[in-house]
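None of the figures in this text is laboratory data; all of them are computed from the coordinates on show. Since this is a predicted model, take the numbers as computed values, not measurements. Cβ placement follows ideal geometry from the backbone for every residue including glycine, while neighbour counts extend to all protein chains displayed.
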Amino acid sequence: MSGRGLGFTGGTVDKLEAIPGYQTAVEMKQFIKNVEEIGISMISQTLNLAPADKKLYALRDAISCVESIPLIASSIMSKKIASGAQKIVLDVTVGKGAFMQNIEDARKLATTMIEIGKLANRETICVLTSMDEPLGWAVGNAQEVVEAVKFLKGEMPEDLKQVVLTLGSYMIKLAGKGDNLEENKNKLLENIQNKKAYQKFLNLVERQGGDISYIEDLNKLPKAKFIEPVYSNEVGYIRRNQ
């Protein structure tokens, strides 16, 4: 269950809606049915699930409280708990492109969410990942869908690969399917290589009304009206000002 863009960050819901027909506004009963029948669902927040958070989420964006640690923690955990998750793995990003600009704040956010999980009797793990620059190569809703599909077909940018495998290995561990994180990563790679992960994504898109022909032929997805290659005239490094 994901949200839309907040502040300068993009929302997973917005990205998936780049696929024609994909429905993110799914009723809770259908959401649960999808999970039970195909093991996966990705939806936006519903009116009857953590309704207070839906209002606070919009308010944070309007009053410049996006970076508030208590509000971030409560927003994330309220949806996870209300949707029935018993085991929770969270990606806590830190860096110039994240809400948490430094490692101390990221750890504080992670600790807060873990404590909320304990209060609700939900086992929670937080993985801190760098967001000093975007993962992978793509930026933009449709382009990130293209990159995700290519990832599921085995074309994996190294930084994106490491984050996905790390988060996934902890998910397997919490599910009781394996305690060895490296072995869990190999299980994930196996299911990418044998196309089971790609097929599961097709199941997700089709179940929620999306046109899978856009996944099977990525050239059908919308592209920028103007595409301008930018070349470097000399060898060097790009460095940001501290």
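Want the number for Ile69 to Asn194: 0.36 nm per residue separation, take away the alpha-carbon distance, what's left? Before the final figure, lay out each step's value.
Values: separation 125, 0.36 × 125 = 45.00 nm, distance 4.04 nm.
Gain on stretching Ile69 to Asn194: 41.0 nm.
Across the range 198-213, in residue order, what do the Karplus-derived ³J(HN,Hα) couplings come to in whole Hz, using 6.51 cos²θ - 1.76 cosθ + 1.60 with θ = phi - 60° and x for Gly and Pro?
4, 5, 5, 5, 4, 4, 4, 4, 5, 4, 9, x, x, 8, 5, 5
Here are a few candidate values for Cα Rg over 2.2 N^0.38 Å: [x] 1.40; [y] 0.95; [z] 1.05. Which one was actually calculated from the structure I just gave you?
For Cα Rg over 2.2 N^0.38 Å, the calculated option is [z].
May I ask you to evaluate 6.51 cos²θ - 1.76 cosθ + 1.60, the Karplus curve with θ = phi - 60°, for each residue of the range 220-226 and list the ³J(HN,Hα) values in order in whole Hz, giving x for glycine and proline?
Once rounded to whole Hz, the list reads 6, 5, x, 10, 4, 4, 10.
What are the residues whose amide H is under 5 Å from the amide H of Leu90, where those residues sit 5 or more places off or on another chain and H is modelled from the backbone?
Those qualifying (amide H under 5 Å, at least 5 residues apart or on another chain) are Ile125, Cys126, Val127.
To the nearest 0.05, what FRET efficiency results for Ile227 and Glu133 with a Förster distance of 22 Å applied to their C-beta separation?
Numbers: r = 21 Å, r/R0 = 0.98.
Working from the Cβ atoms, E equals 0.55.
Mind giving me the nanometre distance, one decimal, between the label points for Glu183 and Leu119, set 7 Å out from Cα along Cα→Cβ?
Going by the 7 Å Cα→Cβ label model, 3.7 nm.
Here are some pairs, Lys150/Lys173; Lys87/Lys177; Lys33/Lys200; Lys96/Lys225; Lys29/Lys177; which of them have Cα atoms lying more than 20 Å apart in this structure?
Lys150/Lys173; Lys96/Lys225; Lys29/Lys177
Quick check on the range 88-171: of the DSSP beta bridges with both residues there, what percent are antiparallel, nearest 5%?
Working: 0 of 8 bridges.
The antiparallel fraction comes to roughly 0 percent.
Name the longest site-free stretch of the chain, where the excluded sites are chymotrypsin sites (Phe, Trp or Tyr not before Pro) in a DSSP loop with no more than 15 other beta-carbon atoms within 10 Å.
Working: sites that count: Phe8, Trp137, Phe226, Tyr231, Tyr237.
It works out to 9-136.
Considering amide H positions built from the backbone, and no H for Pro or chain starts, which residues 5 or more places from Gly5, or on another chain, come under 5 Å of its amide H?
Gly11, Asp14
Among the listed pairs Lys161/Lys195; Lys80/Lys187; Lys55/Lys79; Lys118/Lys185; Lys80/Lys196, which have their C-alpha atoms separated by more than 19 angstrom in this model?
On the way: Lys161/Lys195 16 Å; Lys80/Lys187 25 Å; Lys55/Lys79 13 Å; Lys118/Lys185 27 Å; Lys80/Lys196 26 Å.
With Cα atoms farther than 19 Å apart: Lys80/Lys187; Lys118/Lys185; Lys80/Lys196.
How about the range 203-236: which GluC sites (Glu not before Pro) there lie in a loop by DSSP and see at most 12 other Cβ atoms within 10 Å? Don't skip to the end; give the middle numbers.
Working: sites: Glu206, Glu216, Glu234; in loops: Glu234.
In loop regions of the range 203-236 (DSSP not H, G, I, E or B), the sparsely surrounded GluC sites (Glu not before Pro) are Glu234.
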